[in-house]
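So the structure is just underneath, and the comments pick up after that.
The values are calculated or read from the model by the stated rules, or taken from the named source; none is laboratory data. These numbers come from a predicted model, not from an experiment. Here the Cβ is made from the backbone with ideal geometry for all residues, glycine too, and neighbour counts use every protein chain on show.
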């Protein structure tokens, strides 16, 4: 079953708060200043197991798929799609997850 969510492109206040929150959380984790992230407003989200697709107001789209063996999770799919967009809409975003999760696991979770 395909589920679609559409939004208006007028959520400027929410968009601004979200950008500030992402920047703040990232800076806390890596202790580095972060350049502004310019992510367009979401126009539409399509949840179609195994994929989550975000259509952006700038006319682009981002597609992410669950990993083999995972259960489809719309929230995780949407979070990964936004992250992918923030990292240039290319597959290299996932390398960041693997790097930092591996480092965490090697430190015994501390």
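In table form, for the structure just shown:
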| quantity | calculated |
| --- | --- |
| Boolean, residue 47 is at pLDDT 95 or above, over 12 Å from the mean Cα position of the chain (by Cα), surrounded by 13 or more Cβ atoms within 10 Å (Cβ to Cβ) and in a loop (DSSP other than H, G, I, E, B) | no |
| Yes/no for residue 62 being modelled with pLDDT of 85 or more and surrounded by 10 or more Cβ atoms within 10 Å (Cβ to Cβ) | yes |
| Which listed residue, of 74, 68, is farther than 24 Å from residue 21 by Cβ and surrounded by fewer than 15 Cβ atoms within 10 Å (Cβ to Cβ) | 68 |
| Top-ranked residue of the stretch 16-44 - restricted to ones that are within 19 Å of residue 91 (Cα to Cα) and either in contact with a helix residue (DSSP H, G or I) (Cβ under 7 Å, 6 or more places away or on another chain) or part of a helix (DSSP H, G or I) (or both), ranked as modelled with the lowest pLDDT | 37 |
| Positions within the stretch 77-91 being out of contact with any strand residue (DSSP E or B) (no Cβ under 6 Å at 6 or more places or on another chain), closer than 21 Å to residue 21 by Cβ and free of Cβ contacts under 8 Å to residues at least 40 places away in the same chain, in sequence order | 79, 83, 87, 88 |
| Residues of the stretch 77-110 satisfying the condition of being part of a loop (DSSP other than H, G, I, E, B) and surrounded by 12 or more Cβ atoms within 10 Å (Cβ to Cβ) | 87, 89 |
